[in-house]
1. If we keep just the residues of the range 58-67 that are in contact (Cβ under 8 Å) with a residue 12 or more places away in the chain and under 20 Å from Gly12 (Cα atoms), which is farthest from ligand 1 (Cβ to nearest atom)?
2. Based on this model, can you work out whether Cys49 counts as closer than 23 Å to Lys8 by Cα and either surrounded by fewer than 19 Cβ atoms within 10 Å (Cβ to Cβ) or of a type in the set (Val, Ile, Thr) (or both)?
3. Right, Ile63: more than 7 Å from ligand 2 (Cβ to nearest atom), aliphatic (A, V, I, L, M) and at negative phi or not?
4. Please tell me if Lys67 is at pLDDT 95 or above and not hydroxyl-bearing (Ser, Thr, Tyr).
5. Name every residue in the range 28-55 that is within 9 Å of ligand 1 (Cβ to nearest atom) and either closer than 16 Å to Arg96 by Cα or not in a helix (DSSP H, G or I) (or both), in order of residue number.
6. One residue is enough: does the range 68-86 have a residue meeting the conditions within 11 Å of ligand 2 (Cβ to nearest atom), assigned to a strand (DSSP E or B), within 8 Å of the chain's Cα centre (by Cα) and closer than 23 Å to Lys8 by Cα?
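The values are calculated or read from the model by the stated rules, or taken from the named source; none is laboratory data. Quick caveat: nothing in here was measured; it's all calculated off a predicted structure. All Cβ positions, even for glycine, are placed from backbone atoms using ideal geometry, and neighbour counts span all protein chains on display.
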Amino acid sequence: MKPYLREKKSFGFDDVPESTSYEAGYLVTVNAGWRSIRPVVDSTRCIGCGQCYLYCPDGVISIQDGKAVIDYDFCKGCGICEKQCRPGAIGMERERE
Ligand code: SF4
Ligand code: SF4
């Protein structure tokens, strides 16, 4: 877990690093195809609040041009980002029928 969450310190956006602490791919290999559902961002509803970025356990979400972008090479499809997104901008979709 990211230290500022674990220690329950108050923090502002200026304290949060622009990118994840760990480069995706540093600790894991590219998703080998076992993911059954994937998060999909509705950019018309995304307000760029960064909650999904903060809570994604794999650190695979970045905010680009004010919108959440997911790196599908490393997303494991856990759905935490969907649960955290208050505007309802993330939906989980099946990988394949
Ligand atoms: S939590 Fe939802 S609204 Fe906030 S940045 Fe992520 S996708 Fe966008
Ligand atoms: S589904 Fe899980 S791993 Fe994938 S972006 Fe959302 S929180 Fe991160």
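1. Quick first cut of the range 58-67, residues in contact (Cβ under 8 Å) with a residue 12 or more places away in the chain only: 58-63, 66-67.
Filter once more, so that each one left must be under 20 Å from Gly12 (Cα atoms): 59, 61-63, 66-67.
On the way: Gly59: 14, Ile61: 7, Ser62: 10, Ile63: 6, Gly66: 8, Lys67: 7 Å.
So the residue we want is Gly59.
2. Details: closer than 23 Å to Lys8 by Cα: yes; either surrounded by fewer than 19 Cβ atoms within 10 Å (Cβ to Cβ) or of a type in the set (Val, Ile, Thr) (or both): yes.
Spelling it out, Cys49 is indeed closer than 23 Å to Lys8 by Cα and either surrounded by fewer than 19 Cβ atoms within 10 Å (Cβ to Cβ) or of a type in the set (Val, Ile, Thr) (or both).
3. Yes.
4. Details: at pLDDT 95 or above: yes; not hydroxyl-bearing (Ser, Thr, Tyr): yes.
When the stated conditions are applied, Lys67 passes them.
5. Initially, the range 28-55 is screened for residues within 9 Å of ligand 1 (Cβ to nearest atom), giving 39, 41-43, 45-55.
Pro39, Val41, Asp42, Ser43, Arg45, Cys46, Ile47, Gly48, Cys49, Gly50 - these are the residues of the range 28-55 that are within 9 Å of ligand 1 (Cβ to nearest atom) and either closer than 16 Å to Arg96 by Cα or not in a helix (DSSP H, G or I) (or both).
6. no
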